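The values are calculated or read from the model by the stated rules, or taken from the named source; none is laboratory data. Everything numeric in this text was worked out from a predicted model, so none of it was measured. Here the Cβ is made from the backbone with ideal geometry for all residues, glycine too, and neighbour counts use every protein chain on show.
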Amino acid sequence: MSSTNGSTMLDSSRPQSKEGIETPDNMISGPGGAGEPDVNGPPSAFSSTFHEGLFILVMGLSQLFSVGGLGNAAFSVQEIGQSLNATSNGQMSWFLAAYSLCGGVFVLVTGRLGDHFGHKYVFLFGWLWMALWSLISGFAKDVILFDIARGMTGIGNGALVPNSFALIARAFPPFSVKKNIAFAFLGFCAPSGYIFGGLIGAAFAENVTWRWGFWFWAIGCLVLGVGTYFIVPHSVGSPVPGLSLKQFDYLGSFLGVSGLILLSFAWNQASVVGWQEPYVYALLIVGIVLIVAFAFSQSHVKAPVLPNSLWTRKGFTPIVTAMSFGWMSFGIFLYYTTIFILTIHHAQPLTAVAQMVPLVIGGFFATASVGIFIPKVPAQYIFGVSMFSFLIGNLLMSFANYSPVYWAFIFPACLFVVGGPDLSFASSGILISNAVLPEEQGVAGSFISTVVQYSISIGLGIAATVEAHTNNGGKDVVHGYRGALWLGICFAAVAFFIVVLFVRDTRFSKKANDESAVGGSEGGLEKSEA
């Protein structure tokens, strides 16, 4: 359940060769040419192998805590709702949606800020910001303050995600074993994060108070922030040379962030108060206008946050669209599976966490399979399987009410659905890196992270609206849940057909063309010799 695909995207902040391969600080022009290590080159930024291990650990824990922020609230959602007088799923889904919303919309901005101020220091800001607002979340006395605090916590998440991948990209040479280990560890920590966060939230909610779950989170973030300061070398996380804040796209950042927030807010709030409220559709219209203005502004600034040229690259739009629909489906699955176990099966929070452990097991095998199949199989097939996994997970959960037996539907749903997030990141990374120019790959990778987190937020808003209109005024709760899950099925089906019809892995088409060209030249040579 990875939250970004930096493992397969190049870091645009690094110098790159003509082939698009980044050249880190410890790689210089040796005897073999550019990008080849020189035995007399600069020493490693780390003092020892143990230091490298601590660095990789902190980077991995950033993924654990980023995704864990969802689980921390999800498994204690009933206790939080009762304490803050939030009774409907429209209100309670905000606990997750606000976090994902702000995390998603700020990813692009914080990634660029890392280039300007240093990835280490924006990464450190993410830990401290999450600590502060997690602390405030635990003290919240009403649902409005809690939702605001959750959104503010998400900004810290948005600072951690892109900068953790940038730090790893800068710390180790391209294609090095240590870099692969670091990214693999991040991939493993991400699906584990939802269960880890759920375990913390559920344990405190069930035995003490849900508030201690957020206070514990604050303490953990603060400790990791201090660790970041001492463990991450300054040379790895320093600002990118030659950049000036005068180049930063202030207008685009404001328009993009504001537009996306208003759009998601309208959809999520509509499930609470209904579309008949004038301010809901007014904010929706304003959000759309701001997003259009943002797109227009990106063609008129020197260093745009999201260059419009990306949309002209062949294959980029269908990949992004499929990721959006797929992750809307996955957000629906996570929330409604959790709430189904808690409300319909009347499980205690810790029991609910245990029942969703297959997410970690399936995620481990999905992550391991990526390394085996990515070099051998066209990425669109893996991408298609990931979207189909989203569909199967929601489909199985939509039938869960037919049997009270956990093993009948919930277990296989959790086991299979996790192939969606893990496989989609690896495959989309390959596809995106082949679709865009080398200098566009960093911003394209950050945008995918935005799409993922933002899609969870807006998907929950739409699903809560569907649930509110299909549960017979709250009298048929299960039917409302099934309505939301069937929406998830539809989202995943759309994503799957987009992949089948429009997504292609150019690696293999290029290879086939090269082989045919070689074969043709050899055939011509044989004829001439004859």
Of Phe165, Phe188, Phe172, the only residue that is modelled with pLDDT under 90 and within 17 Å of Val452 (Cα to Cα) is Phe165
Just one of the numbered conditions (1) crowded, with 22+ Cβ neighbours inside 10 Å; (2) over 17 Å from the mean Cα position of the chain (by Cα); (3) at pLDDT 90 or above; (4) within 30 Å of Gln269 (Cβ to Cβ) is not true of Ser455; which one? (2)
Any idea which of (1) among the aromatic types (Phe, Trp, Tyr); (2) over 14 Å from Val105 (Cα atoms); (3) part of a helix (DSSP H, G or I) is the one Trp275 doesn't satisfy? (3)
Kindly check whether there is at least one residue in segment 434-441 that is surrounded by fewer than 21 Cβ atoms within 10 Å (Cβ to Cβ), over 19 Å from the mean Cα position of the chain (by Cα) and either among the charged types (D, E, K, R) or at pLDDT 90 or above (or both). yes
Mind listing just one residue for me: the one in segment 465-477 that is modelled with pLDDT under 90 and not in a loop (DSSP other than H, G, I, E, B) and, of those, nearest to Asn157 (Cα to Cα)? Thr465
Near pairs, Cβ below 7 angstrom, 6+ apart or cross-chain, from segment 368-386 (over 12 Å from Asp505 (Cβ atoms) and among the polar types (S, T, N, Q)) to any residue that is part of a helix (DSSP H, G or I) and at pLDDT 80 or above: Ser386/Gly326; Ser386/Gly419; Ser386/Gly420; Ser386/Leu423; Ser386/Ser424; Ser386/Ser427
Only residues that are crowded, with 23+ Cβ neighbours inside 10 Å and within 30 Å of His346 (Cα to Cα): list them for segment 363-395, please. Gly363, Ser389, Phe390, Leu391, Gly393, Asn394
Out of all the residues in segment 226-239, is one or more in a helix (DSSP H, G or I) and free of Cβ contacts under 8 Å to residues at least 40 places away in the same chain? yes
When you scan segment 367-376, how many residues do you find that are within 21 Å of the chain's Cα centre (by Cα) and assigned to a helix (DSSP H, G or I)? 5
So is Ala97 closer than 30 Å to Ala354 by Cβ, of a type outside the set (D, E, K, R), modelled with pLDDT under 90 and over 25 Å from the mean Cα position of the chain (by Cα) or not? no
Tally time: how many residues in segment 293-310 are of a type in the set (S, T, N, Q), in a loop (DSSP other than H, G, I, E, B) and surrounded by 14 or more Cβ atoms within 10 Å (Cβ to Cβ)? 1
Extreme residue, farthest from Ser244 (Cα to Cα), among residues of segment 270-292 that are of a type in the set (Gly, Ala, Ser) and surrounded by fewer than 15 Cβ atoms within 10 Å (Cβ to Cβ): Gly274
How many of the residues making up segment 311-366 are of a type in the set (A, V, I, L, M, F, W, C) and part of a loop (DSSP other than H, G, I, E, B)? 4
If Arg211 satisfies all but one of (1) farther than 22 Å from Leu84 by Cβ; (2) in contact (Cβ under 8 Å) with a residue 24 or more places away in the chain; (3) surrounded by fewer than 22 Cβ atoms within 10 Å (Cβ to Cβ), what's the number of the condition it fails? (1)
Looking at segment 57-91 only, could you name the residues that are free of Cβ contacts under 8 Å to residues at least 24 places away in the same chain and hydroxyl-bearing (Ser, Thr, Tyr)? Thr87
Could you please let me know if Pro318 is over 25 Å from Tyr250 (Cβ atoms), of a type outside the set (Asp, Glu) and out of contact with any helix residue (DSSP H, G or I) (no Cβ under 9 Å at 6 or more places or on another chain)? no
